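Coordinate-derived values only; no laboratory data. No experiment lies behind these values; they were computed from the predicted model shown. Note: ideal-geometry Cβ built from the backbone for every residue, glycine included; neighbour counts use all protein chains shown.
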Amino acid sequence: MRTPFIAGNWKMNGSRELVERFGRQVTSAALPEGVSAALMVPFPYLEAAVKTFEQGPLVVGAQTLNDQPSGAFTGEVSGGMLAELGVRYVLVGHSERRALFHEDEAAVLSRVRAALATGLVPVLCLGETLEEREAERTEAVVLGQLEAVLDGLEADQRQRLVVAYEPVWAIGTGRTASPEQAQAVHEVIRARLGRYSASLAAEMQLLYGGSMKASNAAELLAQPDIDGGLVGGASLQVDDFLAICQSAG
Ligand code: 13P
């Protein structure tokens, strides 16, 4: 049975004070029953976030990791370091990482493997650009990104992923995919998961991301194949984040 999951991706935003504000306002009573939620905060705030939410209700995620366990990689952070801090999730393959930091399919797969090897849950992000959508390549692009990872994993590893569909044209633009557009892609993703196994298709949490906010979350989350959200800008405001969590209940 898939449960609703709302994850906030702060990107390179926020502050220690914002972690504390979330800590004061996001109590168990503030989340609807059965909804789980996470915050993906920048590296410097991870430890404070883990401490703040030691007793729940949020779990903490990182936004990237290096694929190597250790070594001479100045500035990088390994999965083992994140796991040691108490981090539970890590974003992999976010479109900003793919586009701005040149992470290709091989880099995404090796990061997913590194996350799994250290006990982290990778949230694998997929999505097409506007140009690709207009060229009617959405399915090919998204399924290509999905298969590039799934084909490189063992069956039991695939069961430990979360997938987020984030159309690049909807990220930070205020231009959300319509519920029908989002559902159509989620349905295609789930059908493709079924080629690997029926249980993978039935159990994998598929999140939608791209200008999700309090005013549009309910109709997106009501779609049969949308199990949650990956929220950027709106996750920087406690009230907005909580309102989205409420819509998932
Ligand atoms: P926005 O919600 O700001 O569009 O960002 C979405 C996103 O990229 C989350 O990972």
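Brief remarks follow.
- Across the stretch 102-116, computed HN-Hα scalar couplings (Karplus, 6.51 cos²θ - 1.76 cosθ + 1.60, θ = phi - 60°) run 6, 7, 8, 4, 5, 5, 5, 4, 5, 6, 4, 4, 5, 5, 4 Hz from first to last residue, x flagging Gly and Pro.
- Added length on full extension, which subtracts the Cα-Cα distance from 0.36 nm per residue, residue 88 to residue 55: 10.5 nm
- For the stretch 72-106, the list of chymotrypsin sites (Phe, Trp or Tyr not before Pro) that fall in a loop by DSSP and count at most 12 other C-beta atoms within 10 angstrom reads 73, 101.
- Residue-wise HN-Hα coupling along the stretch 218-233, computed from phi with Karplus coefficients 6.51, -1.76, 1.60 (Hz; x: Gly, Pro): 4, 6, 5, 6, 7, 6, x, 9, 9, 9, x, x, 10, 10, x, x
- Phi-based couplings in Hz for the stretch 42-54 (Karplus 6.51, -1.76, 1.60; Gly and Pro marked x): x, 3, x, 9, 4, 5, 5, 5, 4, 5, 4, 10, 3
- Taking amide hydrogens as placed 1.01 Å from N in the peptide plane, the amide H of residue 164 sits under 5 Å from those of 124, 125, 126, 207, each at least 5 positions away in sequence or on another chain.
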